[in-house]
Amino acid sequence: MSKIAYGYKRSPDNKQLLPDENTAPVVKKIFQRILSGKRICEIAEILNTLAIPSPSKYLYLQSGGTKYLKHENARWYANTIEHILENPVYTGVLIQKKSSTSIFNGNKKVYLPEKDWIMRENAHIPLISREEFDLIQKRREGNVKKTTEVNLLKNKIFCGKCGAFLTKRKRENSRYFCTSHTRIFKDMCNIAINEKEIKSTISKIFDKYIEMYADISDLALKIYNSGKYKEKTNRLKKQIAEKNKELTIINNKIAELYEDLKSELISADEFEYIKASYSNECKKTEECLSQLEREYQKNTDIKNIGRKLKGIISKINKSKTDDKFIFPLVKSIVVYPERRIEAEFVFDNIFSDTLNYLKGWEVSE
Ligand SMILES: [Zn+2]
């Protein structure tokens, strides 16, 4: 049997819904308040202040505290109110077969498309008129469209005081703000910033990056063309060739050792002893070789640095004028009091790696 909508209870004969004397007045009040222009979160706050049990808590209380234990302290939230505002059951409509159970699906509930729902009008006493209900839906549709604009900073923008994600509201200038103060730390965080300001700050940061990258790009090019660079490349090449040669020699020695054992020139004990020493030597040389190869790789990477940086600069330049590009480049933003911003960008790693690498070079003019 499905759960009964908050505000109703089953009739004694279990054939229809009756308004629940405890909760029906609450539902009516919610509809009235929204019609009079109150906001959803304001309504939730009022209900919490008045200590009116939320739908989940009401279930818990009705069970005499034996069921729904996790709802013992459930409060009213914006989405609790939203569920009520959107449920046509309150206009007296009975909706059946919103879900059906299928044996082909392991008896899981399967939700049917809306066209397959069976709607019965005037099935029970309404708590709101159809006209008012429709009016609310129409108004909300307008709001929802406005507020569901894609949040490109989702999970990327934090409060500098408590570390919580900032919430975006399209209303109020697309403002990002910390909601912790309403939930946990009352009056502690009043962090808020609007999108326009974030964009202009990032744009300023980008200008600095472009300047720095341009310098580094030049520097990389200078290094690449320097005698010192070519010298290092050649030295590494030579060292790698030498280590490879050493490795071949050791491997040959080990092969010879097997031959010596086979022709009984050495004893099994001697064989093991010498082989262990060769193996050790072999391992050391291999380690040395792979380190040299890594260094060589890094050294030759400088060829690509200039090109890579050029790509990033053009991307940043483009971002400055197109909103769609700015935010995807952001890794994280922390907003502190006085709207001070600290930002990390997705290209920061390339930047710091490059800087670290270039530090090792001194280029004479
Ligand atoms: Zn906060």
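Think of it this way: in the chain, Cys41, Cys162, Cys282, Cys288 stand alone, with no other Cys Cβ under 4.7 Å.
Using only C-alpha atoms and all pairs of different ones, pull out the Kirkwood radius for the range 292-365 in Å with one decimal. Write down the numbers at each step before the final one.
Numbers: mean 1/r = 0.0680 Å⁻¹.
Kirkwood hydrodynamic radius for the range 292-365: 14.7 Å.
Dividing the summed -39500 (n - 2.57) terms of all DSSP H runs of n ≥ 4 by the residue count of the chain sets its mean residue ellipticity at 222 nm at -18500 deg cm²/dmol. Calculated FRET efficiency, Thr49 to Lys318, Cβ-Cβ distance, R0 = 51 Å: about 0.55 to the nearest 0.05.
For Arg294, neighbours were defined as the other residues whose beta-carbon sits under 12 Å from its Cβ, and their charges (Lys and Arg +1, Asp and Glu -1) total -3. The length gained by stretching the chain between Asn73 and Glu338 to full extension, at 0.36 nm per residue less their Cα-Cα distance, is 91.8 nm. What the phi angles of the range 328-338 give under the Karplus curve with 6.51, -1.76 and 1.60, with θ = phi - 60°, is a coupling list of x, 7, 7, 8, 7, 10, 10, 9, 9, x, 6 Hz, glycine and proline written as x. Ordering Val334, Val346, Val26 from the fewest to the most neighbouring beta carbons within 10 Å gives Val346, Val334, Val26. Taking Cα atoms only, the orientation of helix 24-35 departs from the longest principal axis of the chain by about 70 degrees. Compared with the alpha-carbon gap, the fully stretched path from Arg235 to Asn155 is longer by 24.0 nm at 0.36 nm per residue. With the cut-off at under 16 Å, measuring from each backbone N in the range 228-260 to a point 7 Å along the Cα-to-Cβ line of Phe271 picks out 253-260.
Note on Lys38 and Leu221: their simple-model spin labels are 6.6 nm apart, each label 7 Å out from Cα toward Cβ.
Which FRET efficiency value, to the nearest 0.05, do you get for Phe325 and Lys228 by plugging their Cβ-Cβ distance into 1/(1 + (r/R0)^6) with R0 = 35 Å?
Working: r = 38 Å, r/R0 = 1.08.
According to the calculation, E is roughly 0.40.
In this simple spin-label model, placing a label point 7 Å from the Cα along the Cα-to-Cβ direction at both Ser129 and Tyr357 gives a separation of 7.3 nm. If the chain linking Thr66 and Cys162 were pulled fully straight, counting 0.36 nm for each residue of separation and taking away their Cα-Cα distance, it would gain 30.9 nm. Within straight-line reach of Lys298, meaning a Cα separation under 18 Å, sit the following lysines at least 8 residues removed in sequence or on another chain: Lys222, Lys228, Lys230, Lys232, Lys237, Lys238, Lys308, Lys359.
Here, each number is a calculation from the coordinates, and none is a lab measurement. All values reported here derive from a predicted model rather than from experimental measurement. Neighbour counts run over all protein chains shown; Cβ positions are idealised from the backbone, glycine included.
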